[in-house]
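A.B. asks: Right, I'll just put the structure down here and ask away after.
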Amino acid sequence: MKKLGLCLAVLLLTALCAQAARVDTLSVASPKMKRNIPVVVIVPEQALAGNSCPTLYLLHGHGGNAFTWPTIKPELPQMADRDGIIVVCPDGEASWYWDSPLRPESQFETFVARELTAWIDSRYPTIKDRKGRAITGLSMGGHGSMWLSFRHKDLFGAAGSTSGGVDIRPFPKSWGMSNHLGKEVENQSRWDAHTVMTQLDRIQDGDLSLIIDCGTEDFFLEVNRKFHQELLRRGIRHDFIIRPGAHNINYWNNSIDYQWIFFRKYFKGYRDPAASK
């Protein structure tokens with residue numbers, strides 16, 4: 001009887017493992033930067049079975065890395081399995097996801113938006129269409145997701161920001177931004193050109209499905225409110241959420257659940273044309 005019980009336990013464990021998402025830790029080449037960048041990819045069982053799945057890119061904040069989101073939200077593999085979503089977490093270093101005009105070794109707009117998306121689509125069963133691709137991030141990554149989606153709406157159909165630094169100009173001495181742009185007092189036009197607030201002319205209502213949230217105690221709350229007001233003024237529909245919380249892991253662990261629901265609904269509204277062939 002004990003032997004039978006052990007066999008049943010082994011079979012159950014094997015079945016559970018067979019249904020678990022795979023977590024790939026990768027090193028992806030950037031031709032523009034001439035070096036490799038760490039990337040974590042969570043591959044749901046649907047993709048492992050060869051079915052085409054939508055892709056959500058998750059960008060970390062300043063001081064983070066490719067493992068930030070899997071650490072903040074350890075349930076990501078289960079969420080990916082449940083909803084059939086491939087999750088891609090690139091290392092963006094302290095780049096703010098710009099192509100730095102000063103540092104050729106920091107060209108993360110090109111890496112994430114062009115090199116990485118092409119690399120992922122060539123190696124995983126993704127839905128290779130902007131409507132099957134979304135991007136979001138926290139803090140610096142919230143800036144990055146808005147920056148990249150506005151400038152590459154041919155690639156991303158939906159975007160989010162949680163606790164995002166959506167206007168960098170009130171913080172000229174913070175988070176190493178001057179390393180990439182030069183000092184703000186000496187390079188005002190460059191700083192103006194590298195903030196999300198000045199990229200809104202690139203989009204119109206309906207170009208992107210957008211969700212933006214920020215905590216009531218967050219130092220980025222005011223710039224997020226202004227960002228929301230400017231989107232409203234331009235008639236660009238979006239979800240905007242203010243909920244209790246600060247600029248910390250507890251807030252992001254909670255906020256990603258709401259954003260995940262938003263992106264899941266977005267993806268479900270799109271049917272992969274390849275699936276009907």
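Read the figures in this text as sums done on the coordinates, not as results from a lab. Quick caveat: nothing in here was measured; it's all calculated off a predicted structure. FYI the Cβ positions are ideal-geometry reconstructions off the backbone, even for glycines, and counts take in every protein chain you see.
A.B. asks: Taking 0.36 nm per residue of separation and subtracting the Cα-Cα distance, what length does fully extending LYS265 through THR198 add? Please report the intermediate quantities before stating the final value.
C.D. replies: Working: separation 67, 0.36 × 67 = 24.12 nm, distance 2.88 nm.
Gain on extension, LYS265 to THR198, equals 21.2 nm.
A.B. asks: If you restrict to DSSP beta bridges whose two residues both lie in the chain, what percentage is antiparallel, to the nearest 5?
C.D. replies: 40
A.B. asks: Same structure again: Which links in LYS128/LYS268; LYS153/LYS226; LYS128/LYS153; LYS226/LYS268; LYS32/LYS153 stretch past 25 Å when you go from one Cα to the other? If you can, show how the numbers build up before the last one.
C.D. replies: Details: LYS128/LYS268 15 Å; LYS153/LYS226 22 Å; LYS128/LYS153 14 Å; LYS226/LYS268 31 Å; LYS32/LYS153 21 Å.
Cα-Cα > 25 Å for LYS226/LYS268; rest within.
A.B. asks: What residue among SER27, SER255, SER161 shows peak mean-square fluctuation when the chain is described by a Gaussian network model with Cα springs under 10 Å?
C.D. replies: Largest GNM mean-square fluctuation: SER27.
A.B. asks: Moving to a separate point now. Take the chain, connect every pair of alpha-carbon atoms lying under 10 Å apart with a spring to form a Gaussian network, then pick out the residue of ARG234, ARG130, ARG22 with the largest mean-square fluctuation.
C.D. replies: Top of the fluctuation ranking is ARG234.
A.B. asks: Shifting gears a bit: May I ask you to evaluate 6.51 cos²θ - 1.76 cosθ + 1.60, the Karplus curve with θ = phi - 60°, for each residue of the range 39-45 and list the ³J(HN,Hα) values in order in whole Hz, giving x for glycine and proline?
C.D. replies: Whole-Hz 3J(HN,Hα) from phi for the range 39-45: 9, 10, 10, 9, 10, x, 4.
A.B. asks: Still on this structure, please answer the following. Ratio to report: Rg/Rh of the range 115-218, with Cα atoms as the point set and Rh obtained by the Kirkwood method; give two decimals.
C.D. replies: Working: Rg = 15.0 Å, Rh = 14.8 Å.
Reported Rg/Rh, Kirkwood definition of Rh: 1.02.
A.B. asks: Could you please report the charge total around ILE120, scoring K, R as +1 and D, E as -1 over all other residues with beta-carbon less than 11 angstrom from its beta-carbon? Numbers along the way, then the final one.
C.D. replies: On the way: positive: ARG123, LYS128, ARG133; negative: ASP24, GLU115, ASP121.
Local net charge: 0.
A.B. asks: Using only Cα atoms, find the angle between the long axis of helix 221-233 and the longest principal axis of the chain, and express it within 0 to 90 degrees, rounded to the nearest 10.
C.D. replies: Taking Cα atoms only, the helix is inclined about 80 degrees.
A.B. asks: Given the options ILE72, ILE135, ILE86, which has the most mean-square fluctuation in a GNM of the chain, springs set between C-alpha atoms less than 10 angstrom apart?
C.D. replies: Taking springs between Cα atoms under 10 Å, the residue moving most is ILE72.
A.B. asks: I need the semi-axes of the equivalent ellipsoid of the chain: take the C-alpha gyration tensor, multiply each eigenvalue by 5, square-root it, list largest first in whole angstrom. Walk me through the intermediate numbers first.
C.D. replies: Values: eigenvalues 227, 80, 75 Å².
Largest first, the chain gives 34, 20, 19 Å.
A.B. asks: Going out from 0 in 5 Å bins, what whole percent of all Cα-Cα distances in the range 61-177 drops into each bin?
C.D. replies: With a bin width of 5 Å, the distribution comes to 2, 11, 20, 25, 22, 13, 5, 2, 0.
A.B. asks: Which order do peptides 209-215, 36-42 fall in by mean Cβ count within 10 Å, highest first?
C.D. replies: Details: 209-215: 24.4, 36-42: 19.4.
Top to bottom by mean Cβ count within 10 Å: 209-215, 36-42.
A.B. asks: How high is the relative contact order of the range 19-269? Use alpha-carbon pairs under 8 Å, at least six apart in sequence, and give a whole percent.
C.D. replies: On the way: 510 pairs, mean separation 40.9, N = 251.
In percent, rounded to a whole number, it is 16.
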